[in-house]
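Below you'll find the structure, written out as structure tokens, and then a few comments.
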Amino acid sequence: MLYRKMPKNGDELSILGFGCMRLPMVDGKIDEARAIAQIRGAIDNGVNYVDTAWPYLGGQSEPLLGKALRDGYRERVKVATKLPTWLVSSREDMDRYLNAQLERLGTDHIDYYLVHALDGTSWDGIEPLGIREFLDQAKTDGRIVNAGFSFHGLPEDFNRIVDAYPWVFCQIQYNFLDQKLQAGTQGLKYAASKDIGVIIMEPLRGGNLGLPTPPPAVAEIWDEAKTRRSPVEWALRWVWNHPEVTVVLSGMNEEAHVEQNLAIAGQAQVASLTGEELALVERVRVKYQELMQVGCTGCAYCMPCPMGVQIPKCFDFFNKMHMFGNVEEAKYLYIAFAGGVTSNAEPGFASQCVACGACVEKCPQDIAIPEVLERVATEMEGPDFQTRVDAIRNHFKTKLK
């Protein structure tokens, strides 16, 4: 296992972190024996950073991780979990959720505590409730050690959130496809310039970049490499190639995934890919972009929409569905993020478009936005849409009892 240093505190963290959002399941419940064995096996092989959150797996993830970290394993890892911002309506709520999480995890402190799923809207909502004071107090009384945030917003909001508090770390989505999405490469470098450690989520885009059998046009490019690697290894090594990256989270739920990722994490040094190899990855990125249905770069010049449509998010998940073929996952993410579930924002679904045309003249890519939004609504919503929206909202509304 290779390790990298968290800039502000000197912690030596494994470059591979265990993400507890996609644990093995049986009949809608976590397969506890397998999940615990996988987590402990990763720790035994050098992983010392484990990540969970209040809503993961319908609220089952934190308690399961607490069980996995018994018998001496807690002392061997740094635990990360997250404040569910969309459930917080007061300063008191922040303490209530943190205290409940400490109980769920069976610990007296959280090593790395994140304000979860921030974008511009959710930050502007939680900031006046006293989030800074809460983090300061929780650090002072020892319930948390390091404060950070996870980000799911637009690029222009990332820097102002970075500058809003003395964060130790942040968590962003980053992979070779998402260099301009959300925080992107620009955000990665900005955070690093402030000595903020960067934890990477979705290095495989929900596993899609690591599919054993990628689209044929992509497979042909990978096959040209002088050094043969699996799609998983190419994707992970590309992220680890960046010196600004501290930890890469992987949601491992198969024993083979754990073994494979551990092997890669023992070799992926900074700047270890050659120029020729980086050019190959770039060709794969371009090929995936050609498979996209919408040439949206996520610049958000089209925003705000008068009807509240989250245009870039709608296009992102529509593209994901067509590039990778994972229809159900794309529809789930579409509801969770375009629907405002994680930010307490108003829904911004494609079907809300009234074709006013206000967005069209602003788009630097000349996308016929209303026409494409109509396609998104047709393919991603459908007659049972509200039922699915209600179910996913309930999933994220796992409140304290």
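The values are calculated or read from the model by the stated rules, or taken from the named source; none is laboratory data. On a predicted model such as this, the values are computed, not experimentally measured, just so you know. Backbone-built Cβ (ideal geometry, glycine too); neighbour counts: all protein chains shown. For the accessible areas, the whole protein counts, side chains as well, though only heavy atoms, and no ligand, DNA or RNA atoms are used. Shrake-Rupley method; radii C 1.70, N 1.55, O 1.52, S 1.80 Å.
Restricting attention to the stretch 230-258, the residues being of a type in the set (Gly, Ala, Ser), assigned to a helix (DSSP H, G or I) and in contact (Cβ under 8 Å) with a residue 12 or more places away in the chain number 1. A residue that is in a helix (DSSP H, G or I) and polar (S, T, N, Q) occurs somewhere in the stretch 78-86.
Number of residues in the stretch 35-63 that are under 26 Å from PHE134 (Cβ atoms) and touching a strand residue (DSSP E or B) at 6+ places or on another chain (Cβ under 7 Å): the value is 9.
State which residue is least open to solvent (accessible area, probe 1.4 Å) when the search covers only the stretch 10-65 and only residues that are assigned to a strand (DSSP E or B) and of a type in the set (Asp, Glu). Filtering first and then ranking leaves ASP51.
The residue that is least open to solvent (accessible area, probe 1.4 Å), among those in the stretch 66-107 that are in contact with a strand residue (DSSP E or B) (Cβ under 8 Å, 6 or more places away or on another chain), among the hydroxyl-bearing types (Ser, Thr, Tyr) and without any contact (Cβ under 8 Å) to a residue 60 or more places away in the chain, is THR81. Of all the listed residues (ALA358, ALA345, ALA330, ALA336), the sole one being of a type in the set (A, V, I, L, M), surrounded by 19 or more Cβ atoms within 10 Å (Cβ to Cβ) and assigned to a loop (DSSP other than H, G, I, E, B) is ALA345. For the stretch 108-121, taking the residues that are open to solvent by less than 10 Å² (accessible area, probe 1.4 Å) and either aliphatic (A, V, I, L, M) or over 18 Å from MET6 (Cβ atoms) (or both), the one that is nearest to the chain's Cα centre (by Cα) is identified as ALA117. For the stretch 369-385, the criterion of being closer than 21 Å to PRO306 by Cα, aliphatic (A, V, I, L, M), in contact with a helix residue (DSSP H, G or I) (Cβ under 9 Å, 6 or more places away or on another chain) and open to solvent by 70 Å² or more (accessible area, probe 1.4 Å) is met by no residue.
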